[in-house]
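The values are calculated or read from the model by the stated rules, or taken from the named source; none is laboratory data. Note that this is a predicted model, so its numbers are computed, not measured. Here the Cβ positions follow ideal geometry from the backbone for every residue, glycine too, while neighbour counts run over all protein chains shown. Heavy atoms of the whole protein, side chains included, go into the accessibility calculation; ligands, DNA and RNA do not. Shrake-Rupley method; radii C 1.70, N 1.55, O 1.52, S 1.80 Å.
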Amino acid sequence: MKTVVTGGAGFIGSNLCTRLLAEGHSVLCVDNFITGSHDNIAPLLSHPNFTFLQHDVTIPFEFEAEAIFHLASPASPVGYMEHPIETILVNSQGTYQMLEQARKQNASFLISSTSEIYGDPLIHPQREDYWGNVNPIGPRACYDESKRLGETLTMEYYRQYQTDVRIVRIFNTYGPNSQIEDGRMIPNFITRALKNEPITIYGDGNKTRSITYVSDLVDGLLRAMFKPGTIGEVFNLGSTEEHTVLEYAHMIIRLCNASSTIVFEPSRVDDPERRRPNPTKAQQILGWQRQVSMEDGLRQTIEWFGKRIAHLSTV
Ligand code: NAD
């Protein structure tokens with residue numbers, strides 16, 4: 001199949017491109033590198049079915065596609081707070097451009113939304129029919145609210161034009177190809193632990209998070225795109241194993257054999273207290289299950305971070 005992956009030079013996008021190529025699809029990867037990395041796609045450039053286009057997807061461009069995975073958007077707090085306007089535009093204007101192409105070409109469309117659309121949730125765990133508790137004018141709103149608008153646009157293309165769409169709400173994902181110290185919990189903790197530097201926790205460490213290894217997440221994206229019964233549907237994708245931030249810090253210190261200490265700083269604005277999906281719908285309709293245990297996933301991620309940090313120190 002002819003697939004397009006916007007944001008394909010990013011963390012999840014590059015893992016998705018790799019998997020699509022392995023399954024025999026052709027991939028047009030489109031990215032403007034605002035938060036992505038050339039290193040993430042370097043191993044793919046020689047693949048005969050892989051094409052890379054450096055382009056901002058808010059600006060129209062011509063391409064052929066049977067399936068469009070629209071992942072482009074800064075995703076880490078550091079990324080979207082540094083580029084708030086670009087984040088709003090890619091999730092609104094960029095989503096519109098990709099939906100227009102899906103409509104005109106009768107292509108299937110998937111938007112990668114986020115658990116952040118639930119804001120600081122008042123219902124726990126979160127099911128897809130929970131509407132969320134989002135501060136529309138806070139520092140995270142450029143991300144949360146533009147993803148919510150991206151979802152709204154997507155559903156209107158479904159209602160108005162019967163475009164073949166689906167929405168996936170991704171929960172905290174970790175693994176190879178993520179950015180070093182990008183403001184997200186796992187990359188930050190691993191980077192610090194590998195350097196035996198202090199690990200910073202914002203708040204008292206009792207906030208909870210559930211994390212999903214990237215290969216499991218990518219498997220869910222493929223199922224949501226290609227399985228029957230997904231048109232016009234929204235799916236949570238994420239692990240239900242919930243731990244406190246402090247527990248993650250201790251786990252990573254142990255797995256890295258690190259001597260890092262833990263330092264506490266004030267909580268960040270609008271940082272949710274608890275985050276855990278109810279993934280029953282993905283399990284039932286997509287047959288999706290987590291395959292990689294947390295300890296295995298963290299070990300693989302730590303190994304990759306070790307190599308990336310060593311590589312960066314030589315360039
Ligand atoms: P990332 O920042 O690593 O990747 C995003 C990619 O999009 C980058 O390569 C960036 O350069 C590209 N991009 C941004 N704006 C663009 C534009 N206008 N034109 C072309 N390319 C553009 O982030 P990620 O973690 O890989 O996230 C991918 C998607 O998954 C995002 O939509 C994000 O909102 C969603 N998501 C991720 C997580 C997570 O835990 N990583 C959680 C929830 C949702």
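Descriptive notes on the structure:
- Cα pair count fraction exceeding 21 Å, expressed as % - segment 12-101: 31
- Averaged per residue, the chain has 43 square angstrom of accessible surface, using a 1.4 angstrom probe with ligands and nucleic acids left out.
- Of the accessible area of the chain, computed with a 1.4 Å probe over protein heavy atoms only, carbon and sulfur atoms account for 51 percent.
- Once exposed loop chymotrypsin sites (Phe, Trp or Tyr not before Pro) are cut out (DSSP; at most 14 other Cβ, 10 Å), longest piece of the chain: 132-315
- Over the Cα atoms of segment 87-141, the radius of gyration divided by the Kirkwood radius equals 1.08; this is the Rg/Rh ratio.
- Computed on the Cα trace of segment 1-42, the radius of gyration divided by the Kirkwood hydrodynamic radius gives Rg/Rh = 0.95.
- Measuring nothing but how far apart in sequence close Cα pairs (under 8 Å, 6+ apart) lie, relative to its length, the chain scores a relative contact order of 17 percent.
- Kirkwood Rh and Cα Rg combined as Rg/Rh, segment 181-238: 1.16
- Residue by residue, segment 169-183 carries 3J(HN,Hα) couplings of 9, 8, 9, 2, 10, 9, x, x, 6, 7, 7, 5, 6, 9, x Hz when phi is fed to the Karplus relation 6.51 cos²θ - 1.76 cosθ + 1.60 (θ = phi - 60°); x denotes Gly or Pro.
- Entries in LYS104/LYS147; LYS2/LYS281; LYS2/LYS307 that, when Cα-Cα distance is taken, lie over 31 Å: LYS2/LYS307
- Taking amide H positions as modeled 1.01 Å from N, with prolines and chain starts lacking one, the residues under 5 Å from ALA75 and 5 or more places away or on another chain are TYR80.
- Compared with the rule-of-thumb size 2.2 N^0.38 Å for a compact globular protein, segment 181-279 has a Cα radius of gyration ratio of 1.28.
- Cα pair distances in segment 58-156, grouped into 10 Å bins until the bin that holds the longest one, percent each: 16, 45, 30, 9, 0
- Globularity ratio of segment 52-113, using Cα Rg and 2.2 N^0.38 Å: 1.14
- Counting only the Cα atoms, segment 140-237 fills a convex hull of 121 Å³ per residue.
- Segment 127-207: trypsin sites (Lys or Arg not before Pro) in DSSP coil with no more than 14 other Cβ atoms inside 10 Å: ARG127, LYS195
- Calculation over all alpha carbon pairs of the chain in 10 angstrom steps from 0 returns a P(r) of 6, 28, 37, 23, 6, 0 percent.
- Ratio of the Cα radius of gyration of segment 225-273 to 2.2 N^0.38 Å, where N counts its residues: 1.85
- Residues whose amide H lies under 5 Å from that of THR212, counting only those 5 or more places away or on a different chain, are THR173, TYR174, SER239; hydrogens are built 1.01 Å from N in the peptide plane.
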